[in-house]
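Presented below is the structure to which this report refers.
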Amino acid sequence: MKGEDAREQIQKLLVTGDNRLKQGVDPAKVRQSYAQALEAAREAGLEESILPLVELRLRDLARFSDADKA
């Protein structure tokens, strides 16, 4: 995947995960979107710049999941 195509794919996967989170979709599906974004970033050599974004989103996912259990 070329640089710009990879960036678009990564952005799409992050937004998909964000939308799933907001819509209350199964956390496993949300996590899957973020994992796919991270894998695409690894393949494109962009992992260092994308990892902090994914980690932040995973913390949000955990926070929202914990709130749902309360």
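The values are calculated or read from the model by the stated rules, or taken from the named source; none is laboratory data. Nothing here was measured: the structure is a model prediction, and the numbers come from that model. Because the Cβ atoms are built from the backbone with ideal geometry, glycine has one as well, and the counts that use them run over all protein chains shown.
Scanning the stretch 3-27 for residues that are aliphatic (A, V, I, L, M), modelled with pLDDT under 95 and under 24 Å from Leu46 (Cα atoms) returns Ala6, Leu21. Residues in the stretch 16-56 that are over 22 Å from Gly3 (Cβ atoms), charged (D, E, K, R) and either assigned to a helix (DSSP H, G or I) or in contact with a Gly (Cβ under 9 Å, 6 or more places away or on another chain) (or both): Asp18, Arg20, Lys22, Lys29, Arg31, Glu55. Each residue in the stretch 1-22 was checked for being of a type outside the set (Gly, Ala, Ser) and within 17 Å of Ala62 (Cβ to Cβ), and 5 pass.
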